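Here the structure comes first, spelled out in structure tokens, and everything after it is commentary.
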Amino acid sequence: MRKNIVLFSTINCLIFLTMISCNISGGRSLRIIKTDQFVDIGTHQLRVVLSDVPSEYTVVLEAGGGNYSDAYQKIQDTLAQLTGMRVMSYDRSGFGQSELGPDDFNALDEVEALKKCLEIQGFNHKLILVGHSYGGFLVQLFTLQYPESVSGLVLIDPMNVIFVDRFGLDNLNAVTPYFDNPTTDFQKAANRMIDHFPEALELARGRTLPEQIPVVLITSGHAPVSPDIWRQCHQEMVRGSEKHKLIIADGNSHDIVKENPELVLNTIVELCKSLIDE
């Protein structure tokens, strides 16, 4: 087994979480200021849920396609407490409580919306980006656009260009829900995400994650589609640097955030600890 590949079970995860908790928090309790508000980015407003503590780092939680900030609420405050870092989740445009925004909003626009949302709040640098599925693709794109702002990445069963090119975009679209007559913001946003995905792929194709940025990729034990290709592509994504690591979520399907929040939590905490110790 390669030294940058780790196999995690739920028992391993719970034991490791206890160890990390002792190492970082030192038993102290931090006062977390929790806010749930809307940030106006000019074209529309985004809902932002913030677990704020005094910190030079900001952990940003990006939900999977069709999901929103609620996906991380079970771990968000605990994450702030264990790391001593500010933690922010949000609803992407058209999902959750955020406004839909322009009709032609694409993946790069999503990245720019997040960047502006963070800047308005004064969070410009030392970002630790966490993304699941399509959200994992978006934080890859964010990192490629703004590597100087990103200190670390946690990718949770992420969509990626390598997989799409091997599996086929048409095959992927065939297993992705699409609304024939969208009426709600959710349906419109979901269709818009699919319609503009080819443009996003072109922005990321042929580009690799920066070698100097620590990356931890959690891949599912039971892949959502074409397991051999899915796993192989994730392995290839982390081969470019000693700072990139793969964790196999043994026994978990694609929805790792819901099925194994302990693993997600302690993976982020471990990455945060490594940055503090540098």
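Return the total of residues in segment 134-182 being of a type in the set (Ser, Thr, Tyr) and out of contact with any strand residue (DSSP E or B) (no Cβ under 7 Å at 6 or more places or on another chain).
4
Condition first: surrounded by 20 or more Cβ atoms within 10 Å (Cβ to Cβ), in contact (Cβ under 8 Å) with a residue 60 or more places away in the chain, touching a Pro at 6+ places or on another chain (Cβ under 9 Å) and not in a helix (DSSP H, G or I). Can you find one or more residues in segment 255-277 that meet it?
For segment 255-277, residues surrounded by 20 or more Cβ atoms within 10 Å (Cβ to Cβ), in contact (Cβ under 8 Å) with a residue 60 or more places away in the chain, touching a Pro at 6+ places or on another chain (Cβ under 9 Å) and not in a helix (DSSP H, G or I): absent.
Looking only at segment 238-247, how many residues end up being outside any loop (DSSP other than H, G, I, E, B) and in contact with a His (Cβ under 9 Å, 6 or more places away or on another chain)?
Total meeting the criteria: 1.
Which pairs do you get when a residue that is under 14 Å from Tyr134 (Cα atoms), found in segment 194-209, comes within reach of a residue that is surrounded by fewer than 13 Cβ atoms within 10 Å (Cβ to Cβ) and at pLDDT below 95, reach meaning Cβ atoms under 8 angstrom, with the pair 6+ apart or on two chains?
Here the result reads His196/Asp104, each pair linking segment 194-209 to a residue that is surrounded by fewer than 13 Cβ atoms within 10 Å (Cβ to Cβ) and at pLDDT below 95.
Taking segment 215-232 only, how many residues are over 16 Å from the mean Cα position of the chain (by Cα) and either among the basic types (Lys, Arg) or under 17 Å from Val139 (Cα atoms) (or both)?
The total comes to 1.
If the Cβ limit is 7 Å and pairs must be 6+ apart or interchain, which residue in segment 119-148 that is under 21 Å from Tyr68 (Cβ atoms) pairs with which residue that is assigned to a helix (DSSP H, G or I) and among the small types (Gly, Ala, Ser)?
Once the first residue is under 21 Å from Tyr68 (Cβ atoms) and sits in segment 119-148, its partners that are assigned to a helix (DSSP H, G or I) and among the small types (Gly, Ala, Ser) give Leu127/Ser149; Leu138/Ala107; Gln140/Ala204; Leu141/Ala107; Leu141/Ala200; Leu141/Ala204.
Does Lys245 satisfy the criteria of being at pLDDT 95 or above, surrounded by 16 or more Cβ atoms within 10 Å (Cβ to Cβ) and within 27 Å of Val150 (Cα to Cα)?
yes
The values are calculated or read from the model by the stated rules, or taken from the named source; none is laboratory data. On a predicted model such as this, the values are computed, not experimentally measured, just so you know. Cβ coordinates were reconstructed from backbone atoms using ideal geometry, including for glycine residues, and neighbour counts include every protein chain displayed.
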